[in-house]
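Data block below; observations after.
The values are calculated or read from the model by the stated rules, or taken from the named source; none is laboratory data. Everything quoted here is computed from the prediction, not taken from an experiment. Every residue, glycine among them, receives a Cβ derived from its backbone with ideal geometry; neighbour counts consider all protein chains shown.
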Amino acid sequence: MRRWTITLALASTTLFAQTTTDKPILGFTASNAAKEHALEAQFDAKLNRDDLRNWMQRLAARPHHLGSDYDRQNTEFIASLFKSFGYDTHVEEFQVLFPTPKKRLVELIAPEKFTAKLFEPPLPQDATSGQTNEQLPVYNAYSIDGDVTGDLVYVNYGVPADYDELERRGVDVKGKIAIARYGGSWRGIKPKVAAEHGAMLTPGVGATANAKRIDRKDSDVITKIPVLPISYGDALPLLRSIGGPVAPPDWRGALPITYHLGPGPARVHLDLEFNWNIVPCRDVIARMPGSDRADQWVMRGNHYDAWVNGASDPISGQVAMLEEAKAIGELAKSGWRPKRTIIYAAWDGEEEGLLGSTEWAEEHGDELRQHGVAYINSDTNTRGFLDLGGSHSLERLSTQVARDVNDPERNVSVLERMRDREQTLTTSAEARKEARDRQLIRLDALGSGSDWTPFLQHVGVASMNVGYGGEAGGGDYHSIYDSIDHYTRFGDPGFQYGIAQAETTGRLVLRLANADVLPIEFTTFADTMSRYVDELTKLAQTTRTEIEERNRLIHERAYEIASDPTKTYVSPKAETPAPYLNFAPLQNAVGRLQQSAREYDRLATSIPSDAPNAAVREAALDHALMHIEQALTTSQGLPRRPWFRHEIYAPGFYTGYGVKTVPGVREAIEQKQWSEANQQIEVVAGVINNYAAEVDRAADIARGRAE
Ligand SMILES: [Zn+2]
């Protein structure tokens with residue numbers, strides 16, 4: 001009752017904070033959880049939206065791509081902020097290859113003449129859109145130079161299946177110029193393969209000034225053919241001039257024309273030339289040493305370079321991270337210290353292929369393997385719903401954090417708002433039941449698309465990506481219109497979601513840094529693995545029946561008989577029948593992991609404790625827990641891309657950003673490489689068995705049977 005009388009007189013957020021104080025937090029004793037809630041209330045009180053607005057005004061005032069003068073000024077500004085917050089701060093500089101356009105020409109030379117504008121017009125209502133002198137023009141970084149003329153072919157999204165479809169329709173792409181629409185896969189899947197080889201041209205090691213470099217022509221990172229993005233306005237005359245067969249229904253875009261495949265009669269001249277400059281890439285690294293377990297690093301990062309002004313991507317995320325760091329700095333100034341070391345990183349060169357974070361993670365790979373506890377990433381942040389992805393051992397930690405953060409628009413927890421949205425959007429009864437009944441957030445698995453990739457997929461540090469979004473519209477992405485004017489009109493006008501983001505990521509950092517025992521759980525991961533194995537067995541089954549069915553139709557000449565004799569149709573070729581795969585080793589490994597996980601998680605409810613010798617055992621337990629994600633990596637990495645070492649999460653070989661879980665097995669099945677699929681099942685089974693053994697070891701320490 002007393003609570004009510006107090007809180008009625010105060011803001012509603014106070015009511016919220018008060019009712020959360022007795023809620024349990026994974027990894028904390030009950031009394032330390034109460035202290036943690038009190039600390040977080042102090043942390044929240046230090047967050048100020050005006051800082052976010054002011055810093056965005058400063059950081060997004062001018063174009064600031066990698067290597068630009070304003071990017072360098074932002075480096076210094078961010079470093080000076082971290083210093084003023086009390087962090088031990090330095091700038092780490094790498095030298096990276098960053099091509100910028102020297103010449104860009106796209107012209108239609110037949111059946112009519114048209115020269116593409118390749119230009120985004122400034123808008124009067126967007127104050128920074130006219131800063132043309134400093135803006136990068138529209139282009140694809142890491143396209144090769146080239147001057148080519150050829151007939152035009154429409155290739156839909158330009159993914160492998162689209163080329164199969166063209167072949168079936170008798171359309172030859174060789175020596176032609178292809179035009180593809182955006183979507184279906186990442187826009188620069190070739191250049192993005194940058195990450196597979198470490199950052200640009202210095203595969204596998206940090207690109208410091210004297211690192212060994214390979215020749216540009218030997219790099220897999222540069223595209224083999226010249227590439228340029230164009231707007232729909234420039235694309236329209238080109239697409240309109242293509243003849244040949246009409247495109248299949250699901251290949252048709254939104255332009256008011258009939259889509260044809262070609263080739264020709266549209267003929268295009270494409271002439272591209274780039275300045276192949278080596279530019280500095282500067283990461284700002286800010287450290288707050290831990291009081292007790294300083295050798296355990298909780299890492300937090302967001303990039304600060306943009307394609308143009310980048311108010312939304314990445315400055316909205318950057319200013320929320322700065323505010324979080326400021327508030328934690330102020331807590332430290334008042335005498336509090338984190339138990340573990342906290343490291344903030346503002347990354348440069350993200351847009352060109354995660355250059356700053358990749359160089360840093362490679363340069364510090366050994367230290368990260370030794371000290372890294374977790375890496376929390378963020379990027380663009382706008383109004384809307386909490387979106388979380390990451391290592392599945394962190395599901396309870398993230399759910400408890402979402403439970404304790406208030407949604408600024410609806411005044412419920414961000415967890416509840418996220419849940420309600422899921423329930424209203426899901427269409428299947430099964431998914432709705434899960435959204436309603438599952439106590440924990442189901443984290444999305446991480447593919448690529450921002451700076452967690454080197455931490456999670458190369459080094460094996462448990463990682464998360466956190467951000468709000470879903471209500472800001474869009475259309476400004478990577479353009480000159482991603483501006484302060486646009487963001488403060490549509491992105492997050494009151495910076496309330498910037499504050500919600502700081503409250504969310506700040507809690508993740510503070511709980512990871514302060515917990516008595518690292519807040520990691522294993523049943524969540526084991527259940528996820530079991531789902532993945534079910535998916536894989538189903539995938540193998542459907543792939544096998546599809547091949548059988550198609551071979552039968554080919555044998556019966558069904559494709560030929562069914563096709564229109566006046567149109568070209570090349571019947572598919574019969575394929576080798578698929579064998580049954582042996583999933584038993586993987587199924588057994590996951591079964592064992594489920595048992596080990598249940599046992600550890602059961603024990604984890606009784607640890608940490610207030611017993612006198614607890615601290616020693618907890619520190620030993622931390623050492624077992626902090627390296628456990630690395631058990632999911634292998635030194636040889638994934639087939640054909642050894643830089644990616646995580647056997648459970650990777651971006652797809654052909655999807656770019658999109659995740660492929662258990663990628664070695666899944667992609668072997670998709671590519672119908674059956675012996676490789678069987679080998680990869682063994683590899684992943686081995687990894688899961690090792691992981692289960694590590695969980696058993698942690699359980700032994702928790703029981704006091706081992707140190
Ligand atoms: Zn970004």
Exercise. When the residues of segment 616-651 are filtered to those that are of a type in the set (D, E, K, R) and outside any strand (DSSP E or B), which remaining residue is nearest to Val298 (Cα to Cα)?
Worked result: Asp622
For this session: Being among the charged types (D, E, K, R) and surrounded by 21 or more Cβ atoms within 10 Å (Cβ to Cβ) is the filter here, so list the residues in segment 630-653 that pass it.
Result: Glu647
Problem set entry | Condition met for Arg550 (at pLDDT below 95 and outside any loop (DSSP other than H, G, I, E, B)) | yes
Exercise. Restricting attention to segment 384-406, does a residue exist that is part of a loop (DSSP other than H, G, I, E, B) and within 16 Å of the ligand (Cβ to nearest atom)?
Worked result: no
Problem set entry | Close pairs from segment 222-251: first free of Cβ contacts under 8 Å to residues at least 24 places away in the same chain, partner part of a loop (DSSP other than H, G, I, E, B), Cβ under 6 Å, at least 6 apart | Leu236/Leu255; Arg240/Ile257
Seminar exercise, completed: The residue from Gly469, Gly475 that alone is under 19 Å from the mean Cα position of the chain (by Cα) and surrounded by fewer than 24 Cβ atoms within 10 Å (Cβ to Cβ) is Gly469
Exercise. Quick check: is even one residue across segment 253-264 in contact with a Ser or Thr (Cβ under 8 Å, 6 or more places away or on another chain) and either farther than 30 Å from Asp88 by Cβ or in contact (Cβ under 8 Å) with a residue 12 or more places away in the chain (or both)?
Worked result: no
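Matching residues to (1) out of contact with any Pro (no Cβ under 9 Å at 6 or more places or on another chain); (2) closer than 27 Å to Pro229 by Cβ; (3) not aromatic (Phe, Trp, Tyr):
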residue: Asn54; (1), (2), (3): yes, no, yes
residue: Phe77; (1), (2), (3): yes, no, no
residue: Gly86; (1), (2), (3): yes, no, yes
residue: Arg104; (1), (2), (3): no, yes, yes
residue: Thr115; (1), (2), (3): yes, yes, yes
residue: Leu118; (1), (2), (3): no, yes, yes
Exercise. Quick check: anything in segment 134-141 aromatic (Phe, Trp, Tyr) and either within 30 Å of Ala286 (Cα to Cα) or touching a helix residue (DSSP H, G or I) at 6+ places or on another chain (Cβ under 9 Å) (or both)?
Worked result: no
Problem set entry | Single residue of segment 244-262 satisfying the filter (over 14 Å from Tyr232 (Cα atoms) and β-branched (Val, Ile, Thr)) that is surrounded by the most Cβ atoms within 10 Å (Cβ to Cβ) | Val246
Seminar exercise, completed: Of (1) touching a Lys or Arg at 6+ places or on another chain (Cβ under 8 Å); (2) crowded, with 21+ Cβ neighbours inside 10 Å; (3) farther than 27 Å from Glu367 by Cα, Ala311 satisfies every one except (1)
Problem set entry | Filter result (in contact with a strand residue (DSSP E or B) (Cβ under 6 Å, 6 or more places away or on another chain) and more than 27 Å from Asp622 (Cα to Cα)) within segment 317-345 | Gly317, Gln318
Problem set entry | Given (1) polar (S, T, N, Q); (2) in contact with a strand residue (DSSP E or B) (Cβ under 9 Å, 6 or more places away or on another chain); (3) modelled with pLDDT under 90, number of the condition Thr655 does not satisfy | (2)
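Okay, residues lined up against (1) under 24 Å from the mean Cα position of the chain (by Cα); (2) touching a residue at least 60 places away in the same chain (Cβ under 8 Å):
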| position | (1), (2) |
| --- | --- |
| Asn613 | no, no |
| Ile628 | yes, yes |
| Thr634 | yes, no |
| Pro639 | yes, no |
| Glu647 | yes, no |
| Val665 | yes, yes |
| Val684 | yes, yes |
| Ala698 | no, yes |
Exercise. Would segment 421-441 turn up any residue that is at positive phi, outside any helix (DSSP H, G or I) and not β-branched (Val, Ile, Thr)?
Worked result: no
Seminar exercise, completed: Considering segment 662-681, residues that are modelled with pLDDT of 95 or more and among the polar types (S, T, N, Q), and then whichever is surrounded by the fewest Cβ atoms within 10 Å (Cβ to Cβ), we arrive at Ser675
Problem set entry | Hey, Gly86 at positive phi and touching a helix residue (DSSP H, G or I) at 6+ places or on another chain (Cβ under 8 Å) or not | yes
For this session: Test Ile561 against the stated conditions and say whether it is out of contact with any helix residue (DSSP H, G or I) (no Cβ under 7 Å at 6 or more places or on another chain), assigned to a helix (DSSP H, G or I), in contact (Cβ under 8 Å) with a residue 12 or more places away in the chain and over 30 Å from Ala41 (Cβ atoms).
Result: no
Exercise. Taking Pro203 and the conditions (1) at pLDDT 50 or above; (2) of a type outside the set (A, V, I, L, M, F, W, C); (3) not in a helix (DSSP H, G or I), which numbered condition does it fall short on, given that it satisfies the others?
Worked result: (1)
For this session: Please find, among Leu394, Leu446, the residue that is within 21 Å of Tyr691 (Cα to Cα), at pLDDT below 95 and crowded, with 23+ Cβ neighbours inside 10 Å.
Result: Leu446
Exercise. Would a scan of segment 18-30 turn up a residue that is over 30 Å from Phe98 (Cα atoms), modelled with pLDDT of 95 or more, in contact with a helix residue (DSSP H, G or I) (Cβ under 9 Å, 6 or more places away or on another chain) and among the acidic types (Asp, Glu)?
Worked result: no
For this session: Could you tell me whether Ala540 is under 37 Å from the mean Cα position of the chain (by Cα), of a type in the set (Gly, Ala, Ser) and part of a loop (DSSP other than H, G, I, E, B)?
Result: no
For this session: For segment 432-462, enumerate the residues that are touching a Phe, Trp or Tyr at 6+ places or on another chain (Cβ under 8 Å) and more than 16 Å from the ligand (Cβ to nearest atom).
Result: Ala445, Leu456, Gln457, His458, Val461, Ala462
